[in-house]
Each structure stands twice: as C-alpha cells, then as structure tokens.
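Below: one structure, written as structure tokens.
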Amino acid sequence: FNLMKNFLVTGCAGFIGSHLTEILLLKKNKVIGVDNLSNGKLKNLASFKGSKNFNFINCDINDSKISNLLDEVDVVYHLAALADIVPSIQKPSDYFWSNVNGTFNLIKNCKNKQIKKFIYAASSSCYGIPQNYPTSENSPIDPQYPYALTKRLGEEIIIHFGKIFNIPTVSLRLFNVYGPRARTSGTYGAVFGVFLAQKLAKKPFTVVGDGNQTRDFTYIDDVVNAFIEMLNIKIKNEIFNVGSGNTYSVNNL
C-alpha cells in the first residue's frame, strides 16, 4: 500500500466515487478525480475539493486527454458509468458508449504506463435473478438488461486487457449500495434512494409487485473498505462480490 500514493478515480463526483476519494485523501494520497458530471454532482466533492492533493478534471472517460492523466498514476479506480436499468433500455447506445467504449478507452491508455493495479466497480446485476442467496462469484452470468450487460462487458474488457498489458486487475461486483450522498432523484434509481426521496417529500412509497422480492443492501463505508482492501499487493486478477451477505424484502425496507 505504501508503494501506491497516486490514484486516478473515475466517477469521483458520484455517490461511491466521492466517498472513496475522500478516504484516499484522508490517507494522505494524491488523487486525480475524473467526472463528466452526467451522474455525479459537484456538491459531492465539497468536503475535499480544496485539498492540495486533489485535482478534479471535468472530462469524459472516452476523452483523449485521459492518456496524459495516467502518466504518474499508480492505481486506477474505475467507477464512472451510466447507471439504472430503465434508461439503459431507452438509450442503449449511450450506455454502450460510456460503460463499454469508455472502459476500453481507459484501460487502453494504461498500456505502457506504470499502473500497479486497475480496480473496477462491477455490478451484481450480471447475475440476473440469482438462484442462490447469498450469491457466490461462480454463479451463472445472466444479464437481464442493457445496463447489466454493459457493466459485465466492461468487466471482461478489464480482465482481458489487464492480462495482455500485464496490469493486475480486480473487479468488485457491488450489491445495492446505500448511504449518505446516494442518489434520490429519478424513479428508476436504487430502491433505497427512491424511498428516501419519497419519505422526505411525505409521499407514499412506490412498491412494485407484492414487495416480497428481496435484495442485498450494502452500506457505503463497507464498500469503500472493500475498495481499499484491494490495494493489498497479494490480491490480483480476482473477482469479488461485495455485499452484506443478507437479503431483505422491499416490504421490510
């Protein structure tokens, strides 16, 4: 971990990315944060935007300037992505451009740099509707929506080109992350954020179906801890599920 002091965090103004960036800066690291603000918000950077060790770059991961940003980076944390299921059905080209092309552009530009590790935020949606709970990493892959497919393709791109470019990679498949700064806008976001927005507005909760369907919910601090643990030099070229290990019904939530 001491050998890794310079980080690039894509999606740094997003929910998870901003928490990860904050912790990296608290640990006295230098962070280049990249975000095109399509999902992220500048207010998520409020607690650390004045840090001398933080450099925010407003650009897309498909941008050619990504290459220069990687020149002195030890570790890439790739969290930038278009999220949510329904919009991915409505605009699949946008999701493919961001989550697949963008991911390829990022790791392509890592070639011949001094990247010691590339850590990718994957999605548990790659399993579709799992047969077993808790769901293991060797469960069948069955993406049900364009969002899930593009995140899975991004994961395969990272693993494949990591091997070709000799860059150690780790992929974390995240299960329904919640906590401070979680998005509460829109009707297609994670159920936790949607419910929270409805509660604040004193509106009834929108429950789809009978509400007996279950999800695993994972607190943001636990997810950030998982990302930090992946800096261990012994952990490389692996995939991990990151969840609480329990499931809760929507009615219970």
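Derivation of every value follows stated rules applied to the coordinates shown; laboratory data play no part. Treat the numbers as computed from the prediction; the structure is a model and nothing was measured. Note that each Cβ is placed from the backbone with ideal geometry, even for glycine, and that neighbours are counted across all protein chains shown.
Using C-alpha pairs below 8 Å separated by at least 6 residues, the relative contact order for the chain is 18 percent.
Between ASP142 and TYR127, GLY128, the built amide H atoms are under 5 Å apart, and every one of these is 5 or more places off in sequence or on another chain. Compute the signed sum of charges (Lys and Arg +1, Asp and Glu -1) over the other residues within less than 12 Å, Cβ to Cβ, of ILE57. Residues near ILE57 contribute -2 overall. With Cα atoms as the point set, the radius of gyration and Dmax of the chain evaluate to 17.6, 54 Å.
For the stretch 168-238, the spread of Cα positions along the three principal axes, ordered from largest to smallest, is 48, 24, 16 Å. For the pairs LYS91/LYS236; LYS111/LYS234; LYS30/LYS199, note any where the Cα-Cα span goes beyond 28 Å. Checking Cα-Cα distances, LYS91/LYS236; LYS30/LYS199 exceed 28 Å.
Is the shape of the stretch 106-155 rounded, prolate or oblate, going by the alpha carbon gyration tensor and its root eigenvalues a ≥ b ≥ c, with a/c under 1.5 for rounded and a/b larger than b/c for prolate? Prolate shape, in that a/c is at least 1.5 and a/b is the bigger ratio. Close amide-amide hydrogen proximity is noted between CYS59 and ASP35, ASN36, each under 5 Å apart and 5 or more residues distant or on a separate chain (H modeled in the peptide plane; Pro and chain starts excluded). Taking a Cβ cut-off of under 11 Å around LYS41, the surrounding Lys, Arg, Asp and Glu residues balance to a net charge of +2, with basic ones at +1 and acidic ones at -1.
Each label was represented as a point 7 Å from its Cα along the Cα-to-Cβ direction; for ASN166 and LYS108 these points are 2.2 nm apart. Near SER123, once Lys and Arg are set to +1 and Asp and Glu to -1 for all other residues with Cβ below 9 Å from its Cβ, the sum equals +2.
Computed from Cα atoms, the angle from the helix 146-165 axis to the main principal axis of the chain rounds to 20 degrees. Applying the Karplus relation 6.51 cos²θ - 1.76 cosθ + 1.60 with θ = phi - 60° to the stretch 231-239 yields 3J(HN,Hα) values of 6, 4, 5, 6, 9, 7, 6, 9, 10 Hz, where x marks Gly and Pro. Distance distribution note for the stretch 61-101: the fraction of Cα pairs above 13 angstrom is 61%. Placing pseudo-labels 7 Å out from each Cα toward the beta carbon at ASP210 and SER249 gives an inter-label distance of 0.8 nm. Relative to the longest principal axis of the Cα atoms of the chain, the long axis of helix 15-26 lies at roughly 40 degrees.
Averaging the Cα positions of each part gives two centres, and for the stretch 77-91 and the stretch 222-241 these lie 23 Å apart. Once divided by 2.2 N^0.38 Å, the Cα radius of gyration of the stretch 51-121 becomes 1.21. Considering the stretch 1-123 at the alpha-carbon level, its Rg and Dmax are found to be 13.9, 45 Å. When the P(r) of the stretch 112-253 is calculated, the portion above 21 Å amounts to 50% of the C-alpha pairs. Computed from label points 7 Å out along Cα-Cβ, the spacing between GLN131 and TRP97 is 3.9 nm.
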